[in-house]
1. Take the range 291-317 and flag every residue that is part of a loop (DSSP other than H, G, I, E, B) and among the small types (Gly, Ala, Ser).
2. Listed residues Gly205, Gly159; which is over 22 Å from Tyr290 (Cβ atoms), modelled with pLDDT under 95 and not hydrophobic (A, V, I, L, M, F, W, C)?
3. With more than 22 Å from Leu428 (Cα to Cα) and either modelled with pLDDT under 85 or in a strand (DSSP E or B) (or both) as the only criterion, which of Phe488, Phe538 stands out?
4. What do you reckon, is Leu118 part of a helix (DSSP H, G or I), at pLDDT below 95 and not assigned by the TED database to the domain that holds Asp357?
5. What about Pro356, is it within 19 Å of Asn123 (Cα to Cα), touching a Leu at 6+ places or on another chain (Cβ under 8 Å) and part of a loop (DSSP other than H, G, I, E, B)?
6. If Ser527 passes every condition in (1) surrounded by fewer than 18 Cβ atoms within 10 Å (Cβ to Cβ); (2) out of contact with any strand residue (DSSP E or B) (no Cβ under 7 Å at 6 or more places or on another chain) but one, which one does it miss?
7. With respect to Gly440, is the statement that it is outside any strand (DSSP E or B), on the phi > 0 side of the Ramachandran plot and touching a Phe, Trp or Tyr at 6+ places or on another chain (Cβ under 9 Å) true?
8. Mind listing just one residue for me: the one in the range 383-396 that is in contact with a strand residue (DSSP E or B) (Cβ under 9 Å, 6 or more places away or on another chain) and not hydrophobic (A, V, I, L, M, F, W, C) and, of those, surrounded by the fewest Cβ atoms within 10 Å (Cβ to Cβ)?
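The values are calculated or read from the model by the stated rules, or taken from the named source; none is laboratory data. Everything numeric here is computed off the predicted structure, so don't read it as measured data. Using ideal geometry, Cβ is built from the backbone for each residue, glycine included, and neighbour counts are taken over all protein chains shown.
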Amino acid sequence: MISSKIPRWGQCGIFSIRPWRALPVWVLFLSLTLHGQTLPCMDLHGQAARTLVAPTGTTKDLTILALRVAFAPDEDLSTTGDGTFLMDIDSLDIGLVPCDGFLVDRPPHGVPYFYAQLEAIANYYQQVSQDSVTFDLAGSLVYPPEGEGPIELGKPMVGYRPAADEDSSDALLVKLFAESVAAAAESGIPVASYNLVVVFHAGLGQDFAYPGLDPTPLDIPSAYIDSAMIADARNKYGVPVPLYVKGGLLLPEGQNHIYYDIVEDIFPGETDYCDMQIGLTGTFALLLGYALGLPPLFDTDDGVTGVGVFGLMDVGSNNGQGVIPAPPTAWTRTFLGWEQAEELEGNIDLTARHLPDGKIGRITLSNDEYFLVENRVGPVQPGAGINFDNLVELAGVTVDSTSGVITSIPNYDLGLPGSGLLIWHVDLSRYNERIASMQGINDSLEARAVTLVEADGAVDIGFPTTALFGNPDQGWQWDLWYAGNEGFFTANPDREAGNPQGLLSFDSETRPSTQLNSGAESGIAVSRIGPAGDILNFVVDDMNVTRLPEGSRLLG
């Protein structure tokens, strides 16, 4: 089983994401320092009872029922806010918002705000899935409607806060979800007629591990709640309303702590918090990924990252501080049938993922192993953080005029640490072994089924790091393949001589190499890897005339 919440342990820096557990716990953390402050990171408390198979239901014109749910007002300092929604930016408990720039997910958090959040998630999935996942926003509903207050539950927020043990934890999250669904049904809403139910509750999510003491430890974790989780908590495979609602998402009204006075406790001594904001889209995209059948790519047993910032179903969900979640990996997109990989041989011009002609390339290594190659174009300044004032001025970035929510990004690779080729090593034998044993496909740190081939020659992602600068354990710009990559030449100094263009190569003698996971040579060589850009050129050679069994070599 694989859980669907977001754990909350570990040292974090800038926001990685943690869906709270809905079925084992996983923890992810990403570290980044801005202005001398280590930023909070989103833990990944993933989903535990997910079957790792591609979904068979439709993913076209999906409808969402978004429920606005508030709690009984309180003055409990262990939770963020007072149990009600932020509706007036001029009367926040922090007084003046400590940012004079663009405000992410700003109040009021009323009906237009939540429609904008639905638009943001719809635009994200439509783009990264190449129209394989679409939403019918006209057929979706935010309830209660404009002019009416939210659904009000009789208990304060702490009444639904999961306890330390897993059983009561899940039961309380299910209770919050079920009571919200029941309240909507009692008002005449045909809850079960929607493809997805999302409960947006007042307050922040307990989804980030802070660099110091957490000032509000009793906030509610975000979660994907499926029928197995409901059955464990209520002995029923759904919420009867009268038809059964088999699950949905549990999300906060926002993730931006800048609107609450706790931000001063998290980052003491600061006066400008503009660079420390977090958007809700990343959390939403990750949890919706579970509902759409996207397998998690971190270690579902202990939360160790598997593909780092380079994939949605890992810490990449919170790239761009929750506003620019990473697209799913090339493996995920082919697994779901969103794209088809094309076998590569000879001279290749690979178009970037976000462009209309973007392709995924495949290089077969053996019966069980292959590389997937994709061209990703990230930020203009590799390794730079997100400046929201600059971001919203970029061509193609859309900001909802009513709510101020960023609803569309022209290229969701802009949250990556750099640009270039991403090369993925896929091992089907490992994949099949994990599926047969009901494990996550990347549950073994030393034997992942889907691995990023890191161009800097190290195997950093998921391993402890002593690096003074950057986050190699979560992925950085030197992991991408592009001409002039200093990380590659540090690991392969012999490839620098007589190479004025700084072209990269990837073969049996480079570090990393094109060997099979067994250590046998594959016979594959990728050479003349050029500069990062919308079209990236390289050459693929196969030294084998025919594909030989693993461990065999062509003699001659």
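1. Gly293, Gly303, Gly306, Gly311
2. Working: Gly205 fails: over 22 Å from Tyr290 (Cβ atoms).
Only one candidate passes the filter, namely Gly159.
3. Details: Phe488 fails: either modelled with pLDDT under 85 or in a strand (DSSP E or B) (or both).
Unique residue meeting the criteria: Phe538.
4. Against the criterion (part of a helix (DSSP H, G or I), at pLDDT below 95 and not assigned by the TED database to the domain that holds Asp357), Leu118 does not qualify.
5. So Pro356 does not fit the description; no.
6. (2)
7. Working: outside any strand (DSSP E or B): yes; on the phi > 0 side of the Ramachandran plot: no; touching a Phe, Trp or Tyr at 6+ places or on another chain (Cβ under 9 Å): yes.
Here the answer is no, as Gly440 does not meet what is asked.
8. Checked the range 383-396; the qualifying residue surrounded by the fewest Cβ atoms within 10 Å (Cβ to Cβ) is Gly396.
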